[in-house]
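Asker: Dumping the structure here so I can ask a few things about it.
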Amino acid sequence: MATVSMTVNGKAVTADIDPRTLLVQFIRENQLLTGTHVGCDTSQCGACVVHIDGKAVKSCTTLALQCQGASVVTIEGIAAADGTLHPMQEAFREHHGLQCGFCTPGMIMSAIDIVNRKGNSLDEHTIREELEGNICRCTGYHNIVRAVDAGAKAMAGSARPIKHAAE
Amino acid sequence: MSATGIGASVRRKEDHRFITGAGRYTDDINRPGQAHAYFLRSPHAHATIKKIDASKAKAMPGVLAVLTGDDLAADKIGGLICGWMIHNKDGSPMRAGGHPALAQGKVRYVGDHVAVIIADTLAQARDAAEAVTVDYGVLPAVVDTATAMTSKTVVHDVAPNNSVYNWHLGNKDDTEKAFKAAKHVVKMNIVNNRLAPNPMEPRAAIGLYDKAEDHYTLYTTSQNPHVARLVLSAFIGIAPENKLRVVAPDVGGGFGSKIFIYAEETVCVWASKKVGRPVKWNSDRTEAFLSDAHGRDHVTEAQMAIDENGKITGLRVHTIANLGAYLSTFSSSVPTYLYAPLLSGQYNIPAIYAEVDAVYTTTAPVDAYRGAGRPEATFVVERLVEVAARQLGIDPAKFRQMNYITKFPHQTPVIMMYDAGNYNASMKKALEAADYKGFGKRRKEAEKRGKLRGIGFSSYIEACGIAPSAAVGSLGAGVGLWESAEVRVNPIGTVEILTGSHSHGQGHETTFAQLVSDRLGVPLESVSIIHGDTDKVQMGMGTYGSRSGAVGMSAISKALDKVIAKGKKVAAYVLEASEKDIDFKDGKFSVKGTDKTLDFGACALQAYIAHKFNGQDLEPGLKEGAFYDPTNFTFPAGVHIAEVEVDPDTGVTKVVNWTAVDDFGVVINPMIVEGQVHGGIAQGIGQAMLEGVVYDKEGQLVTASYMDYCMPRADDLPSFTVGMTVTACPSNPLGIKGCGEAGAIAAPPALINAITDAVGHEDVAMPATPKVVWRAAQKALKKMAAE
């Protein structure tokens, strides 16, 4: 067993874990935050994307021990404390950017990261290229592209900082 | 139309939990004391099992049990079943080989279930699996669909020549005559590639045995939990139905693959009693590729007869369908009754004959995948039609229009009675939306950039709203295909709808609530949709075959009729009027010709307090149920137009425009329907350009991860132009036809027709990878040079 300490959605956590524990297992099984999903085990589908120190990372191929001292934010940590949705969450709902919902947490976490890196004015080509690491089987991406575009613009106009409340 | 009623693009009620990470999928559920199952799978495509030695594994830390097929047999647990009996041409029944949930003496595909290891943790179960020794007697594999019947290796002893059945439909003599008289005959050899359905949520199960109640619970990723309970109970023999609860919570996509009753779910629920602990299994992606039922996999010879006026006079098809190593739950119906009855397409074809050979191979079972049989039929028809038009030198849109069915109802020679449609309306709208007139100009412009631009059509039809029970019963179905609904009105006028349909992305919590809000005049927020739990919903047939609108909502509609009728009785007492004078509109009961009204909510309260009427004259309460059995299949149809650009030097194909015009009948929520179309097209483009399950000659699955199986990504696809035409469906009370599968059915032939148009050669097999397209382009160049 090994001891790991990190911040998850703004909360300091410490746990004794099997050293082979993946970050996604730590989040789901130890922290009981089940919004982060495992869709493929090989870093292809992106259902497991979380933010580590502000950057989008696939938690299915990250060891929890690698996150010693890091700040991890999951889908559960991006809405405001009063429950107000993050603009990207709201955009996915408004533009029907989800159907079964399984890929959605990873999509939203990746989308926020795209905006953080590429800014608030994104063309369709950029959005599609940047979503390469997130697979959706339901939507054909059509409405996800619209949601990311709208979410990016809304993040610019948002009174709240682009970084999450939890960070 | 109200802001939340039928026809409104209401934002989805279920979304909040999904976008906040609060969705509750099977793997998110954990039960106290839960143990974990790991399946030891066959590394061989075909082998006898001489001996399994699990003694070392059983002694490893945390291991609770290692169970095999012998343990299943000892407990008299039956095999997995196929619920649709197909008869051979000679009237004899299909040859169904045994399908134990854990192998008994033989394994028949890579990934077949040899043993289950149950331990305190998944890691312990995995580690212990490494210590199980299996002595295999390796046998040759049978992989190829086209030659399976001539293989010397037999997969099941009951099926000589690996033949599951040799089935036919249509009129052979009439068809022969049509071909003899034909002016022109188009012949094609067509392969419909094998696909892996790949819902993003892998399958999962938790089996739970309650000793005190002698009762089992199975949490599972199912599209039809009641059918799962029925099969587990009546056929596999886990427990009687009253002692088995099946729960399918949030399910992350299905596309058909979660209809079926699989080995893993069966074993988890059975083993929970044996180990006295809840048993959880969650598939990883490679397991999903290995053991989820695959789709398609047809090899077809097809011919179309055409007369001197360009009228199609006959269609003849011989198809070999690969059903894999075992008959999955509904597999036998897919290349028969879900396939050949759609071979008339949208066309008036007087004579059709189809012969189908279904074969066993040492590959994963093949069953329904989005469209199920209808994409295969549409691909045959729409490729033939396109090629016929090209050979005859007739514009492909015009050739289709010349042959469209225009009078309804229309009886095809292959069972189906099309009830309503206007195919030309969809074609006209699609031609306009795609700017077909401007295509020549776009092609020339592309040429200047060194690109080959092509356009392709698909004028598809499908049969949805599955299905009239008596009709499918006569065709061999083991179940009826009605749907159930219960409407529970609470005393303050809120409403709970219990439905046998199951939502796994379709948005039923929204669309079903829209119907209720529309009919009862209650706010959308006051309506809850309850589904996916056999303890709550009494019985149901589940969601597949685009049936939940046409059949599931029709059941709700029927139950709502009863609620309104009962409400009128209550209102008559309260308003002191005759029942026949009571009207119900916009959420209010009123007395004709007066200003006396009673709100729906107030009526509900009166129904429950029962102060205004004698409980002997009128039963208190407001709760009604209905079973709705459809009168016919429904027939969604439409036109998709694909436009591509091919780089002749590399074969790289870019889909540059996509136009879809569909007739789904009455649409409840256009936003959701368009989303279904988008997703279907994406899967169709995936089949046509990217996806393909590959087994090597030894039966090893080459495409067993997302690094090997090419899933459509955002940058593989264009945005889609989606339009609609509406002819209401006369076969159900709501006029709904269904929309879930259309895109996956329409897209593959549209895209292949566009690519073949671009490169000028018909030899483009699916998936049309750059290599395939480049080769076709080279052949076209050589042909041009030779001419």
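Asker: Over the range A:2-77, what per residue volume does the convex hull of the Cα atoms give, in whole Å³?
Answerer: 73 Å³
Asker: Neighbouring Cβ atoms within 10 Å as the yardstick, rank B:306, B:492, A:75 fewest first.
Answerer: B:492, B:306, A:75
Asker: Need the list of lysines near residue B:444 for cross-linking: C-alpha distance under 23 angstrom, and skip anything on the same chain fewer than eight residues off.
Answerer: Within reach: B:398, B:654, B:779, B:782, B:783.
Asker: Same structure again: Just the number, please: percent antiparallel of the DSSP beta bridges in the range B:482-628, rounded to the nearest 5.
Answerer: 80 percent
Asker: Test of understanding: ordering A:37, A:142 by Cβ neighbours within 10 Å, fewest first, what list do you get?
Answerer: A:142, A:37
Asker: Compute a Gaussian network model of chain A, connecting alpha carbons closer than 10 Å, and tell me which residue from A:54, A:46, A:106 fluctuates the most.
Answerer: A:54
Asker: Now for a separate question. May I ask you to sort B:653, B:725, B:378, B:769 by Cβ crowding, counting other Cβ atoms within 10 Å and putting the fewest first?
Answerer: By the 10 Å Cβ count, ascending: B:769, B:725, B:653, B:378.
Asker: Just how large is the dipole of the range B:393-485 about the Cα centre, in debye to the nearest 20, putting +1 at every Lys and Arg Cβ and -1 at every Asp and Glu Cβ?
Answerer: Using Cβ point charges on Lys, Arg, Asp and Glu, the range B:393-485 gives about 940 debye.
Asker: Right, another one. Expressed as a fraction of 2.2 N^0.38 Å, the rule-of-thumb size for a compact globular protein of N residues, what is the C-alpha radius of gyration of the range A:87-157?
Answerer: 0.94
Asker: By a straight-distance test (C-alpha under 20 Å), which lysines pair with residue B:566 as possible cross-link partners, with residues fewer than eight away in the same chain excluded?
Answerer: B:558, B:580, B:585, B:588, B:592, B:596, B:612, B:623
Asker: Looking only at other chains, what is the average number of their beta-carbon atoms within 10 angstrom of each beta-carbon in B:712-722?
Answerer: 6
Asker: If Lys and Arg each add +1 and Asp and Glu each add -1, what is the summed charge of the other residues whose beta carbon sits under 11 Å from the beta carbon of residue B:15?
Answerer: After counting each charged neighbour, the total is +1.
Asker: Let me ask you something else. Find the percent of Cα-Cα distances in the range B:77-128 that exceed 18 Å, and round it to a whole number.
Answerer: When every Cα pair of the range B:77-128 is considered, 54 percent fall beyond 18 Å.
Asker: To continue, here is another question. Measure up B:50/B:697; A:11/A:118; B:311/B:407; A:58/B:13 against 18 Å on the Cα-Cα distance and list the ones that go over.
Answerer: Violating the 18 Å limit, Cα to Cα: B:50/B:697; A:11/A:118; A:58/B:13.
Asker: Net charge around residue A:4, counting only other residues with Cβ within less than 11 Å of its Cβ (Lys, Arg = +1; Asp, Glu = -1)?
Answerer: -2
Asker: Computed from the mean reciprocal separation of all distinct C-alpha pairs, what Kirkwood hydrodynamic radius does the range B:642-787 have, in Å?
Answerer: That comes to 16.9 Å for the range B:642-787.
Asker: So, one more: How large, in Å, is chain B by the Kirkwood hydrodynamic radius built from its alpha-carbon pairs? Can you show the working numbers first?
Answerer: Details: mean 1/r = 0.0361 Å⁻¹.
It works out to 27.7 Å.
Asker: Another one. Answer with one residue from B:601, B:760, A:140: the one whose Cα lies farthest towards the positive end of the charge dipole of the protein assembly as shown, charges on Cβ with Lys, Arg +1 and Asp, Glu -1.
Answerer: B:760
Asker: Ok, one more. Rounded to whole Å and sorted largest first, list the principal axis extents of the Cα atoms in the protein assembly as shown.
Answerer: The Cα atoms of the protein assembly as shown stretch 85, 80, 63 Å along the principal axes, largest first.
Asker: Now, a different point. Which is farthest toward the positive dipole end of the protein assembly as shown among B:67, B:132, B:364, measuring Cα position about the Cα centre, with Cβ charges +1 (Lys, Arg) and -1 (Asp, Glu)?
Answerer: B:364
Asker: Which of the lysines could be linked to residue B:280 by a straight reach, that is with a Cα gap under 23 Å, when you skip same-chain ones fewer than 8 residues away?
Answerer: List returned: B:56, B:58, B:76, B:211, B:243, B:258, B:536.
Asker: Also: With the dipole of the range B:482-628 worked out from charges on the C-beta (+1 for Lys and Arg, -1 for Asp and Glu) around the Cα centre, which of B:574, B:508, B:545 lies farthest toward the positive end?
Answerer: The listed residue farthest towards the positive side: B:574.
Asker: Residues with beta-carbon under 13 Å from that of residue B:612, excluding residue B:612: net charge, scoring Lys, Arg +1 and Asp, Glu -1? Display every interim value, and only then the final one.
Answerer: On the way: positive: B:569; negative: B:576, B:617.
In short, -1.
Asker: Next question. Take the alpha carbon atoms of the range B:482-628, find their radius of gyration, then divide it by 2.2 N^0.38 Å using N residues; give the quotient.
Answerer: Dividing the Cα radius of gyration by 2.2 N^0.38 Å gives 1.07.
Asker: Dipole of the range B:482-628, Cα-centred, from +1 at each Lys and Arg C-beta and -1 at each Asp and Glu C-beta, to the nearest 20 debye?
Answerer: That gives a dipole near 260 debye.
Asker: Continuing with this model, one more query. Treating the beta-carbon of each Lys and Arg as +1 and of each Asp and Glu as -1, no other charges, what is the dipole magnitude of chain B about its Cα centre, to the nearest 20 debye? All intermediate terms of the calculation are to be shown ahead of the outcome.
Answerer: Values: 81 positive and 85 negative charges, 185 e Å.
In total the dipole reaches around 880 debye.
Read the figures in this text as sums done on the coordinates, not as results from a lab. Being a predicted model, the structure only gives us computed values, none of them experimental. Positions of Cβ are generated from backbone atoms using ideal geometry, with glycine treated the same way; all protein chains shown enter the neighbour counts.
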